[in-house]
């Protein structure tokens, strides 16, 4: 069960209600009236809690779980322990997300402006905003309705943000136009100077960074990530992109809609990433590349050339994923021969 010191529980819900919310089908032996009080992991869930199975590596844990109900793919239903109610679906994880959000909906903070916030008289805030102590909002900034600006966050002069945005503790946003329902987590830095200079033996001459950061609707940018503003063209983060913690996005980078960028990825300047690209943790991309729509890049890959749409790449330098696996197998065999 979740810790009530940190999380508010909107339950209980009946199994019938959960099945409808999660768009699942109850197993024939399940009681739709059974009350479920919370969600919990398979190995910790009790008889009045809901869990889920989405990874076949945890089938044995599922088979021995004490959970009262579980969201599961039909192919694993036969492994369920006796007495467990099943909510059957082809997509267990999204179904679990719907159920978990019902028990723990997004927390709505009470509107209010802290007397310790520093808001420029020329800034404009929409209705029902919450601005925490120590936050700074600069001249001519425009912030939409129901925004939450966390403690010590900084919204720079002229920044525009849409409705229902959340800016975490200590985050800083400058030179940016931000859409609706955008979440920027603690410590993120948006719209700083890009790494642009003209190299010269006598002096590395800084080039003015004169672009902006444009962020689409429904984007998340994780804690301590950085998105540099453009050098002239804009840096663009497409709608519905999910950016993890500790990601570096350089000046003039363009992300299409729905991209997923995992922790510690670095994307060099002027690289264009098309729609729904997934990039695994600690991957690095050089500048001025084009990554086609739907491409997948494995963790710790080093990408030094363009990637065609839908291609899966891995390794450093990155190659098609099957070639990378073949290289690893051959290296392992060579090492075995040497040891022999």
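The values are calculated or read from the model by the stated rules, or taken from the named source; none is laboratory data. Everything numeric here is computed off the predicted structure, so don't read it as measured data. Ideal geometry is used to build each Cβ from the backbone, glycine not excepted, and the neighbour counts take in all protein chains shown.
Check 261, 291, 267, 273 and return the single one that is closer than 16 Å to residue 235 by Cβ, crowded, with 24+ Cβ neighbours inside 10 Å, over 18 Å from the mean Cα position of the chain (by Cα) and without any contact (Cβ under 8 Å) to a residue 60 or more places away in the chain.
Just a single option satisfies the conditions, and that option is 291.
Can you report the number of residues in the range 294-317 which are more than 18 Å from residue 263 (Cβ to Cβ) and either in a strand (DSSP E or B) or touching a residue at least 24 places away in the same chain (Cβ under 8 Å) (or both)?
Number of matching residues: 4.
In the range 158-173, which residues are surrounded by fewer than 24 Cβ atoms within 10 Å (Cβ to Cβ) and not in a loop (DSSP other than H, G, I, E, B)?
160, 166, 172
When the range 15-33 is examined, which residues are found to be in contact with a strand residue (DSSP E or B) (Cβ under 9 Å, 6 or more places away or on another chain) and either surrounded by fewer than 15 Cβ atoms within 10 Å (Cβ to Cβ) or more than 23 Å from residue 91 (Cα to Cα) (or both)?
Once the filter is applied, which keeps residues that are in contact with a strand residue (DSSP E or B) (Cβ under 9 Å, 6 or more places away or on another chain) and either surrounded by fewer than 15 Cβ atoms within 10 Å (Cβ to Cβ) or more than 23 Å from residue 91 (Cα to Cα) (or both), the range 15-33 yields 16, 25, 29, 31, 32, 33.
Anything in the range 318-333 that is assigned to a helix (DSSP H, G or I) and either touching a residue at least 60 places away in the same chain (Cβ under 8 Å) or in contact with a strand residue (DSSP E or B) (Cβ under 7 Å, 6 or more places away or on another chain) (or both)? List them, or say none.
Listed by number, the residues that qualify are 321, 324.
Is it fair to say residue 94 is free of Cβ contacts under 8 Å to residues at least 12 places away in the same chain, closer than 30 Å to residue 32 by Cα and either surrounded by fewer than 20 Cβ atoms within 10 Å (Cβ to Cβ) or touching a helix residue (DSSP H, G or I) at 6+ places or on another chain (Cβ under 6 Å) (or both)?
Considered against the rule, which asks whether it is free of Cβ contacts under 8 Å to residues at least 12 places away in the same chain, closer than 30 Å to residue 32 by Cα and either surrounded by fewer than 20 Cβ atoms within 10 Å (Cβ to Cβ) or touching a helix residue (DSSP H, G or I) at 6+ places or on another chain (Cβ under 6 Å) (or both), residue 94 comes out as yes.
Condition (residue is farther than 30 Å from residue 287 by Cα, outside the structural domain of residue 233 (by TED's automatic domain parsing), out of contact with any strand residue (DSSP E or B) (no Cβ under 8 Å at 6 or more places or on another chain) and surrounded by 16 or more Cβ atoms within 10 Å (Cβ to Cβ)) applied to the range 138-150: is it met by at least one residue?
Checking the range 138-150: at least one residue is farther than 30 Å from residue 287 by Cα, outside the structural domain of residue 233 (by TED's automatic domain parsing), out of contact with any strand residue (DSSP E or B) (no Cβ under 8 Å at 6 or more places or on another chain) and surrounded by 16 or more Cβ atoms within 10 Å (Cβ to Cβ).
Is at least one residue of the range 103-122 surrounded by 12 or more Cβ atoms within 10 Å (Cβ to Cβ), touching a helix residue (DSSP H, G or I) at 6+ places or on another chain (Cβ under 7 Å) and touching a residue at least 40 places away in the same chain (Cβ under 8 Å)?
Taking every residue of the range 103-122 in turn, none turns out to be surrounded by 12 or more Cβ atoms within 10 Å (Cβ to Cβ), touching a helix residue (DSSP H, G or I) at 6+ places or on another chain (Cβ under 7 Å) and touching a residue at least 40 places away in the same chain (Cβ under 8 Å).
Just for the range 44-88: of the residues that are in a loop (DSSP other than H, G, I, E, B) and under 24 Å from the mean Cα position of the chain (by Cα), which one is surrounded by the most Cβ atoms within 10 Å (Cβ to Cβ)?
Among residues in the range 44-88 that are in a loop (DSSP other than H, G, I, E, B) and under 24 Å from the mean Cα position of the chain (by Cα), the one surrounded by the most Cβ atoms within 10 Å (Cβ to Cβ) is 53.
For residue 180, indicate whether it is more than 23 Å from residue 292 (Cβ to Cβ), touching a strand residue (DSSP E or B) at 6+ places or on another chain (Cβ under 9 Å) and assigned to a loop (DSSP other than H, G, I, E, B).
For residue 180, the condition - more than 23 Å from residue 292 (Cβ to Cβ), touching a strand residue (DSSP E or B) at 6+ places or on another chain (Cβ under 9 Å) and assigned to a loop (DSSP other than H, G, I, E, B) - is met.
Here is a list of conditions, (1) in a helix (DSSP H, G or I); (2) at pLDDT below 95, and residue 95 meets all of them except one; can you say which number that is?
Condition (2) is where residue 95 drops out.
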